[in-house]
Amino acid sequence: MMNRIILIGNGFDLAHGLKTSYADFIRSYWAVRSSQLIQNNQMKTNDGLCTYELSDSESRRQFNRLQPIFKERFANILEEYIKEAIQKAKREYNSKFFEEIDKTVNTYNWVDIEAVYYRWLTKIFKQDECEYADPNKLNDELKKLKDKLVVYLTYIQTNSIKPDLKIESIQKAICEPFKVDDISIGKQREFSEFVETKWNDAKNGDNTNRKISAQNYGYRFSDVKIYEDDYMRKNDLLSHINNVKAKDRYMPPYFLLPDQILFLNFNYTSTADLYIPKGSEFKINHIHGELNNEDNPIIFGYGDELDEDYKKISNLNDNNYLSNIKSIRYLETDNYRKLLSFIDSAPFQIYIMGHSCGNSDRTLLNTLFEHKNCVSIKPFYYEKFDEDGNRSDNYIEIIQNISRNFNDMRLMRDRVVNKTYCRPLVPKGAEQ
């Protein structure tokens, strides 16, 4: 038996055209605040993170006078007024934490809110020129931001995540057979055992697993059985093994398909659910929670127990420092226990789809990457082209981040699939 974990991060949603990055969220935050300020006929509001003041009263009066017409016929002009208001409005930050987030977005068009939170948490611990006396105010500000993020993502999930959002190249990658070149040197024996077991089960007439496999991958068993039986009549085990090693020899997919696929979703949205075939036994683990689900609340914070500062913080007799540490929040549900049960049950391969593998999830990723049953880690990278057609990608950046999740660098170099055998998550021309 050999399984596959599809490790899903925010880049997965972005590949589907969804504006779910933290930077998208912060930009939306200001657009909503500007719109509310104008439409509620207010000059100044304070949400606990930032005081926002519309200094141009004439612009607001003109907007209110023309709004009924614009709303019906010229929505684009309405948006321009809001953008103009954002540029003219005055911001007075009530939160140093939020100020850093906002200014980072403005400067780099990117931000990792969870990493910024942890940086401020350590500054409080060290009292390193820190405006916070203790973690309580910082935790309150993070909660305010999390609540707004939930509203924002709920809107996207409700209005944008539909069945036709699926991308065919991603669907094929998720359900593709194992490739011998992807398997680490240290796990070739386990791969050989998997190949032989699959062959022997089918050759001995045990159709149970073959039927389950067909159902999981959306095939009709009566159709694929014809090709599988014909292949077994023409080959014995030795020739089959040689075909696997040859890589370019045709064989029915069943003989190299994962027995189980687990979608390990680090996002809060349900985009990954679109890729589970109807009637399949494949599972999805929303490890960081789901939007508006009280039984699986959102986990928003930091998860790097390997960091030296975390070890010192955890020794403090103050639980407020640990309020938003992911490894503790995991215990609120059985998601983490289910994940451990899955990785302990059989060898598994990891496909990384849209996850940066940054430090904010390092504790969990280290558990996966260095687990005795992990046979390989295959990143699907982001590919882009500039105006002149020059190509670049983030493969090396992902590998650099993956390396920080390992204690054993030799193991890392063996398990991570090299770029020769990797490809973009969405190849050029495969976009919808």
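The values are calculated or read from the model by the stated rules, or taken from the named source; none is laboratory data. All of these numbers come straight from a predicted model, not from anything done at the bench. We place every Cβ from the backbone using ideal geometry, glycine too, and count neighbours over all the protein chains shown. Please note that ligands, DNA and RNA were not included when accessible areas were found on the heavy atoms of the full protein model with its side chains. Shrake-Rupley method; radii C 1.70, N 1.55, O 1.52, S 1.80 Å.
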Identity of the residue in region 302-324, open to solvent by 60 Å² or more (accessible area, probe 1.4 Å) and without any contact (Cβ under 8 Å) to a residue 12 or more places away in the chain, that ends up nearest to Asp112 (Cα to Cα): Glu308
Selection count, region 270-301, where residues are small (Gly, Ala, Ser), within 30 Å of Asp259 (Cβ to Cβ) and open to solvent by less than 10 Å² (accessible area, probe 1.4 Å): 2
Any chance Asp386 is farther than 19 Å from Asp304 by Cα and either modelled with pLDDT of 95 or more or within 20 Å of the chain's Cα centre (by Cα) (or both): no
For Leu145: the one exception among (1) within 25 Å of Val375 (Cβ to Cβ); (2) over 18 Å from the mean Cα position of the chain (by Cα); (3) open to solvent by less than 30 Å² (accessible area, probe 1.4 Å): (1)
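Do the conditions hold for Glu196, that is, is it out of contact with any helix residue (DSSP H, G or I) (no Cβ under 6 Å at 6 or more places or on another chain), more than 30 Å from Ala214 (Cβ to Cβ) and open to solvent by 50 Å² or more (accessible area, probe 1.4 Å)? Break it down into steps so the answer makes sense when it comes.
On the way: out of contact with any helix residue (DSSP H, G or I) (no Cβ under 6 Å at 6 or more places or on another chain): yes; more than 30 Å from Ala214 (Cβ to Cβ): no; open to solvent by 50 Å² or more (accessible area, probe 1.4 Å): yes.
Spelling it out, it is not the case that Glu196 is out of contact with any helix residue (DSSP H, G or I) (no Cβ under 6 Å at 6 or more places or on another chain), more than 30 Å from Ala214 (Cβ to Cβ) and open to solvent by 50 Å² or more (accessible area, probe 1.4 Å).
Out of the residues in region 375-394 that are touching a residue at least 60 places away in the same chain (Cβ under 8 Å) and not basic (Lys, Arg), state the one that is nearest to Gln188 (Cα to Cα). Explain how you work it out, then say what you get.
Taking region 375-394 first, the residues touching a residue at least 60 places away in the same chain (Cβ under 8 Å) are 375-376, 378, 380, 382.
Narrowing further to those that are not basic (Lys, Arg): 375-376, 380, 382.
Working: Val375: 8, Ser376: 10, Phe380: 22, Tyr382: 29 Å.
Residue satisfying both the conditions and the ranking: Val375.
Just give me the residues in region 340-372 being in a loop (DSSP other than H, G, I, E, B) and in contact (Cβ under 8 Å) with a residue 40 or more places away in the chain, in sequence order. Please lay out each step first, then the result.
Quick first cut of region 340-372, residues in a loop (DSSP other than H, G, I, E, B) only: 346-347, 354-358, 370-372.
Listed by number, the residues that qualify are Ala346, Pro347, Gly354, His355, Ser356, Cys357, Gly358, Glu370.
Would you check which residues across region 114-142 are charged (D, E, K, R) and open to solvent by 30 Å² or more (accessible area, probe 1.4 Å) and list them? Before the answer, list the steps.
Going residue by residue through region 114-142, those that are charged (D, E, K, R) are 114, 119, 123, 126, 128-129, 131, 134, 137, 140-141.
Within region 114-142, Arg119, Lys123, Lys126, Asp128, Glu129, Glu131, Asp134, Lys137, Asp140 qualify.
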Of the criteria (1) in contact (Cβ under 8 Å) with a residue 12 or more places away in the chain; (2) over 16 Å from Tyr351 (Cα atoms); (3) part of a loop (DSSP other than H, G, I, E, B), which one Leu411 fails: (3)
Tabulated pairs, region 137-153, first farther than 11 Å from Ile298 by Cα and of a type outside the set (Asp, Glu), second assigned to a helix (DSSP H, G or I) and open to solvent by less than 60 Å² (accessible area, probe 1.4 Å), C-beta under 6 angstrom, 6+ apart or interchain: Leu138/Phe97; Leu138/Trp120; Leu142/Tyr117; Tyr152/Phe25; Tyr152/Ser28
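Kindly indicate whether any position in region 275-294 is under 25 Å from Phe194 (Cβ atoms), of a type in the set (D, E, K, R) and part of a helix (DSSP H, G or I). I'd like the intermediate steps shown before the answer.
At the first step, the residues of region 275-294 found to be under 25 Å from Phe194 (Cβ atoms) are 275-277, 279-285.
The next check asks that each one be of a type in the set (D, E, K, R); those that pass are 281, 283.
From what is left, the residues that are part of a helix (DSSP H, G or I) are none.
Taking every residue of region 275-294 in turn, none turns out to be under 25 Å from Phe194 (Cβ atoms), of a type in the set (D, E, K, R) and part of a helix (DSSP H, G or I).
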Total residues in region 325-353, condition open to solvent by 20 Å² or more (accessible area, probe 1.4 Å) and either of a type in the set (Gly, Ala, Ser) or in contact with a helix residue (DSSP H, G or I) (Cβ under 6 Å, 6 or more places away or on another chain) (or both): 6
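For every residue, the table says whether it meets (1) more than 17 Å from the chain's Cα centre (by Cα); (2) surrounded by 14 or more Cβ atoms within 10 Å (Cβ to Cβ).
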{"position": "Tyr382", "(1), (2)": "no, yes"}
{"position": "Asn405", "(1), (2)": "no, yes"}
{"position": "Met409", "(1), (2)": "yes, no"}
{"position": "Arg423", "(1), (2)": "yes, yes"}
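For residues that are of a type in the set (A, V, I, L, M) and either touching a Leu at 6+ places or on another chain (Cβ under 6 Å) or within 15 Å of Lys203 (Cα to Cα) (or both), scanning just region 226-263, find the one that is surrounded by the most Cβ atoms within 10 Å (Cβ to Cβ).
Taking region 226-263 and keeping what is of a type in the set (A, V, I, L, M), we get 226, 232, 237-238, 241, 244, 246, 251, 256-257, 261-262.
Those left that are additionally either touching a Leu at 6+ places or on another chain (Cβ under 6 Å) or within 15 Å of Lys203 (Cα to Cα) (or both): 226, 232, 237-238, 241, 251, 256.
Working: Ile226: 10, Met232: 17, Leu237: 13, Leu238: 8, Ile241: 15, Met251: 17, Leu256: 19.
Among those residues, the one meeting the criterion is Leu256.
Let me confirm something: among Phe191, Phe125, which residue is touching a Lys or Arg at 6+ places or on another chain (Cβ under 8 Å), in contact (Cβ under 8 Å) with a residue 40 or more places away in the chain and aromatic (Phe, Trp, Tyr)? Lay out the reasoning, then the answer.
On the way: Phe191 fails: touching a Lys or Arg at 6+ places or on another chain (Cβ under 8 Å).
Being touching a Lys or Arg at 6+ places or on another chain (Cβ under 8 Å), in contact (Cβ under 8 Å) with a residue 40 or more places away in the chain and aromatic (Phe, Trp, Tyr) holds for just one of Phe191, Phe125, which is Phe125.
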Failed condition for Val150, given (1) touching a Leu at 6+ places or on another chain (Cβ under 9 Å); (2) at pLDDT below 95: (2)
Helices (runs of 4 or more DSSP H) contained entirely in region 1-113, each with at least 3 residues that are modelled with pLDDT of 85 or more and open to solvent by less than 70 Å² (accessible area, probe 1.4 Å): 10-15, 22-39, 96-108
Given (1) at positive phi; (2) under 25 Å from the mean Cα position of the chain (by Cα), index of the condition Tyr268 fails: (1)
